[in-house]
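No lab work stands behind these numbers, since they all come straight from the coordinates. Only a predicted model underlies this, so the values are computations on that prediction, with no experimental measurement involved. Quick reminder, even Gly has a Cβ in these numbers, built from the backbone with ideal geometry, and neighbours come from all protein chains shown.
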Amino acid sequence: MHRTIAHCVPEDAKELALAHHTIFSRGPVYHTIYAGVDQAIVIKTYEKRVSNLITEQTSLDPDREVHFLKIVGDGSDEIMAYIIWIYMPHGYDHAKDPQESTADFPADSNMPVVEDFKQMLRVVRGDDEGRKGPHFLLALLGTHPKHERKGAATMLVKWIFERADKEQLPCYVDSSRTGHALYERLGFRDFGKACVDLDKFEGGNGAGLQTWYAMKREPQKEL
Ligand SMILES: CC(C)(COP(=O)(O)OP(=O)(O)OC[C@H]1O[C@@H](n2cnc3c(N)ncnc32)[C@H](O)[C@@H]1OP(=O)(O)O)[C@@H](O)C(=O)NCCC(=O)NCCS
């Protein structure tokens with residue numbers, strides 16, 4: 001088993017957008033937001049967003065570092081999993097959060113769900129003191145269903161730990177129910193949570209309350 005972690009390049013955007021769609025369209029939030037949109041348009045829009053993130057055109061903080069990483073291997077060039085780790089040198093400021101932008105959503109997206117989701121993120125990010133100083137933020141993580149439970153996500157999450165420990169900085173993630181056990185196993189602990197009630201929205205019938213957990217990993221003392 002040979003695997004490589006590398007920074008994504010703009011040419012990866014199409015494959016990443018397709019993988020992202022396969023991974024996240026299984027989830028009820030994505031489904032509710034994009035139910036009324038042509039799925040080809042959803043993928044195309046995401047491809048552009050990914051490409052901007054890889055080339056870091058969306059950052060409002062020039063000192064921020066976006067590490068959009070992929071893992072390939074096990075005898076194939078296919079992207080098994082990807083992650084976005086962001087170094088936030090000046091702390092978290094939601095006014096500078098690209099996830100606050102609604103420009104990236106195709107027409108006919110369910111914008112009330114997007115607004116509720118953004119409000120939930122502001123709550124879940126809370127005001128943990130560590131968020132106000134330099135830290136690392138895990139902004140996105142996905143493993144292609146074909147490659148789940150092979151340790152790919154674990155490798156991508158751990159990628160930042162050596163640097164975080166060396167610089168004695170905390171790592172944060174806002175986790176869905178699905179990722180929670182993985183992050184907990186890797187040393188993240190809850191400090192807050194918030195919900196989105198999809199039943200309030202058209203297309204969200206029956207999906208109910210979706211919970212997100214604000215989680216933090218303290219830096220480990222280097223021996
Ligand atoms: C959550 C997610 C990222 C996990 O990805 P993954 O690559 O399967 O994760 P790993 O293989 O590293 O670990 C997953 C589990 O497999 C187990 N595992 C790891 N290597 C394994 C192996 N070789 N054989 C069997 N099981 C293994 C781990 O112990 C882990 O168990 P745990 O979650 O109970 O702790 C993936 O399921 C996903 O993309 N889900 C949808 C999107 C999502 O929810 N993203 C995160 C939201 S914040």
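For ILE41 and ALA95, a Förster radius of 41 Å and the Cβ-Cβ distance give a FRET efficiency of 0.90, rounded to the nearest 0.05. Of all lysines in the structure, those lying under 24 Å Cα to Cα from LYS200, and not within fewer than 8 positions of it along the same chain, are LYS118. A full extension of the chain between ARG177 and ASP74 corresponds to an added length of 34.3 nm, given 0.36 nm per residue minus the alpha carbon distance. Summed over qualifying helices (DSSP H, 4 residues or more, each -39500 (n - 2.57)) and divided by its residue number, the chain shows a 222 nm mean residue ellipticity of -9500 deg cm²/dmol. The label point for GLU11 and the one for GLU129, both projected 7 Å from the Cα toward the Cβ, are 4.8 nm apart. Near LEU140, the amide H atoms lying under 5 Å from its own belong to ILE84; only residues 5 or more places off or on other chains count, and H is placed 1.01 Å from N.
Shown in residue order for segment 166-172 are the 3J(HN,Hα) couplings computed by the Karplus curve 6.51 cos²θ - 1.76 cosθ + 1.60 at θ = phi - 60°: 4, 8, 6, 10, x, 10, 10 Hz (x for Gly and Pro). Straightening the chain between ASP104 and ARG185 buys 25.8 nm, computed as 0.36 nm per residue apart minus the Cα-Cα spacing.
Within the chain, helices built from complete DSSP H runs that reach 15 Å or longer along their own axis (Cα positions) and carry a mean Kyte-Doolittle hydropathy of -1.0 or higher are 13-24, 39-54, 111-125. Here LYS221 is the anchor, and the aspartates and glutamates within straight C-alpha reach of less than 13 Å, apart from those fewer than 8 places off in the same chain, are GLU162, ASP165, GLU167. Taking the Cα centre of the chain as reference, the dipole from Cβ charges on Lys and Arg (+1) and Asp and Glu (-1) amounts to some 560 debye.
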